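FYI, it's all coordinate maths here, none of it is from the lab. Just so you know, these numbers come straight off a predicted model, no measurement behind them. Cβ placement follows ideal geometry from the backbone for every residue including glycine, while neighbour counts extend to all protein chains displayed.
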Amino acid sequence: MAASASCWMIWWPACLPGWYCSPCVWHFEALMKAFVTLLLLTLVSAPALASRDDPHVVVIGLLGQKALLKIDGQQHILSPGESAGGVTVLEVSRQDTLLRINQREERLAMGMDTGGIDLRQQRPSIEINMNANGQFITNGQINGRVVQLLVDTGANTVSMTTADARSLGVDYKRFGERTGVLTAGGPVAAWAVTLGSVQVGPITVRNVVATVRESTDNAPILLGMSFLSQVNLQHEQNRLRLTGR
């Protein structure tokens with residue numbers, strides 16, 4: 001009895017060699033049960049780890065309720081509930097997007113990738129304010145010449161008229177290829193060219209694909225996805241932020 005009482009007070013070291021008193025056994029079993037329970041809770045609550053089979057995802061734009069993602073090198077514009085390349089968009093906010101990547105969820109801010117790298121660090125950026133017509137228009141440069149640009153995420157390329165091209169010294173007939181584009185007024189003949197550089201604020205992108213429309217409209221030069229896909233976009237209320245990579 002003395003051994004059992006002593007064991008209860010200071011645990012099993014007080015037991016005589018070869019003895020297994022009931023308080024010791026009870027205490028040991030309780031400790032093991034608590035340890036196993038804690039281990040199971042940790043495993044259940046721990047987030048799923050990234051797998052080598054997971055796609056590489058970069059958030060390159062947050063446009064209202066849409067996320068512009070680069071998934072394994074391919075660009076996708078997805079709304080909540082839409083999927084591509086094993087990635088499903090669950091939520092989109094002004095600051096970040098919640099994604100389901102295979103069986104795990106991950107929240108990424110604009111400019112972040114699934115490797116935890118912030119692509120915005122020490123990158124040039126510019127903010128463009130929305131005008132009264134709901135457009136984002138800014139000055140820029142094409143091949144070193146100042147132009148006015150209208151941001152258009154619905155345009156596949158930078159797009160200009162033949163008059164714009166001539167004023168910029170773009171010899172589309174010599175270096176371009178015949179093509180066509182679909183405008184609000186219907187199909188229009190055009191030329192596909194490559195611009196040496198397009199600059200918006202401190203951001204410069206080189207070798208940008210563009211189309212030269214055989215049109216006489218007075219629309220500004222469209223800053224389309226051939227430029228925008230190479231920068232990070234963040235739409236916040238009446239401002240659009242472009243960040244270089």
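Annotations for the structure displayed:
Yes/no per residue for (1) touching a Cys at 6+ places or on another chain (Cβ under 6 Å); (2) free of Cβ contacts under 8 Å to residues at least 24 places away in the same chain; (3) of a type in the set (Lys, Arg):
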{"residue": "Glu82", "(1), (2), (3)": "no, yes, no"}
{"residue": "Gly86", "(1), (2), (3)": "no, no, no"}
{"residue": "Arg94", "(1), (2), (3)": "no, no, yes"}
{"residue": "Ala109", "(1), (2), (3)": "no, no, no"}
{"residue": "Ile128", "(1), (2), (3)": "no, no, no"}
{"residue": "Asn131", "(1), (2), (3)": "no, yes, no"}
{"residue": "Asp164", "(1), (2), (3)": "no, no, no"}
{"residue": "Arg174", "(1), (2), (3)": "no, yes, yes"}
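- Residues that are in contact (Cβ under 8 Å) with a residue 12 or more places away in the chain and among the small types (Gly, Ala, Ser), drawn from segment 186-202: Ala189, Ala190, Ala192, Gly196, Ser197, Gly201
- Residue match in segment 112-119 (condition: touching a residue at least 12 places away in the same chain (Cβ under 8 Å), of a type in the set (D, E, K, R), closer than 30 Å to Ala219 by Cα and in a strand (DSSP E or B)): no
- In segment 203-236, residue farthest from Ser159 (Cα to Cα) [restricted to those that are assigned to a loop (DSSP other than H, G, I, E, B) and free of Cβ contacts under 8 Å to residues at least 60 places away in the same chain]: Gln230
- Whichever residue in segment 146-163 is surrounded by fewer than 19 Cβ atoms within 10 Å (Cβ to Cβ) and more than 31 Å from the chain's Cα centre (by Cα) and, among such residues, is farthest from Asn218 (Cα to Cα): Thr162
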